[in-house]
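The values are calculated or read from the model by the stated rules, or taken from the named source; none is laboratory data. None of the values given here were measured: they were computed from a predicted structure. Cβ: placed from backbone, ideal geometry, glycine included. Neighbour counts: every protein chain shown.
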Amino acid sequence: MRKVILAAAITTFSCIMTISAYAGNWVKNNTGWWYDNGNGTWPSSSWQWIDGNSDGIAECYYFDGAGYCMLNTTTPDNYSVNGSGAWTVNGVVQTKNASTEKSDSYYMEKYASVIDKWRNDEAGYALDPVYDFIDINGNGSKELIIGDRDNGFITGIYTLNNETPVEIVIDPGVSDWRFNVLKGGYISTSNSNASWDTNSLSILDSDDNRIWVSKAYYKHFDGEAEVYEVNDVQVSKGAYINELKKYNIEKENIRLTRSIK
């Protein structure tokens, strides 16, 4: 059993875990901060969304194998956390709504126009389109993800902007993109043919804005020199390969189970 030293400052750092039915508290000992779930357990080797000041907005923290919150560093899965342990992207703390989740009927209503377009083959191409509502970046608002039941590809992603559906736009004029939803709110896309390969990596921030992280392009026309580009700048093959290593983020286990047609 871990021996702890309780301090008055803990009261300003206490919260209720959004993924637990128990009241929890931050606790500090000589090693660091850990989180008491309130039921005799604590998180370890995992991310946890915690509403630290009970304002209805949760931040995400990573706890190491011993159960201590990692501070001002890079986590084992290559995400940044600040001096308070909160997950950040480009220095901005990422948050999610810790209040009661909206029902599926809410999302059915808000995304109805998009679902109808896919049902009528007006929005995209999928032999047997399926969909589901999934909170990609953990901010409390669910995205609409469209896919194809037969091949398992994700063919469209939409988010809500002021309760209005907005498509996650990729390069215009390019069809047959393949989306991958990755851990931490990241989205990768890929497309290729006999002459070129294109790849992109972006992230949905806590306001559901898409922020570009990387674009990588490889041109290999017959009889011409190979061309590699990263973020629209020509680079060496090695630099191109290194850029694609950024895409090695674990995929979310997404199953689309709702039929459109």
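So here's what we get for this one:
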| read-out | value |
| --- | --- |
| Exclusive hit being exposed (fewer than 12 other Cβ atoms within 10 Å of the Cβ), modelled with pLDDT of 85 or more and either assigned to a loop (DSSP other than H, G, I, E, B) or not assigned by TED's automatic domain parsing to the domain that holds Glu59 (or both), set Ala225, Ala194 | Ala225 |
| Close pairs (9 angstrom Cβ cut-off, 6 or more residues apart or separate chains): without any contact (Cβ under 8 Å) to a residue 12 or more places away in the chain in the range 106-118, assigned to a helix (DSSP H, G or I) and not hydrophobic (A, V, I, L, M, F, W, C) anywhere | none |
| Given (1) surrounded by fewer than 19 Cβ atoms within 10 Å (Cβ to Cβ); (2) more than 19 Å from the chain's Cα centre (by Cα); (3) at pLDDT 85 or above; (4) acidic (Asp, Glu), number of the condition Asp36 does not satisfy | (1) |
| Only listed residue being more than 25 Å from Glu167 (Cβ to Cβ) and among the β-branched types (Val, Ile, Thr), chosen from Val213, Val233 | Val233 |
| Contacts under 6 angstrom Cβ, first residue in the range 47-67 being touching a residue at least 40 places away in the same chain (Cβ under 8 Å) and on the phi < 0 side of the Ramachandran plot, partner among the acidic types (Asp, Glu) and part of a strand (DSSP E or B), 6 or more apart | Ala58/Asp51 |
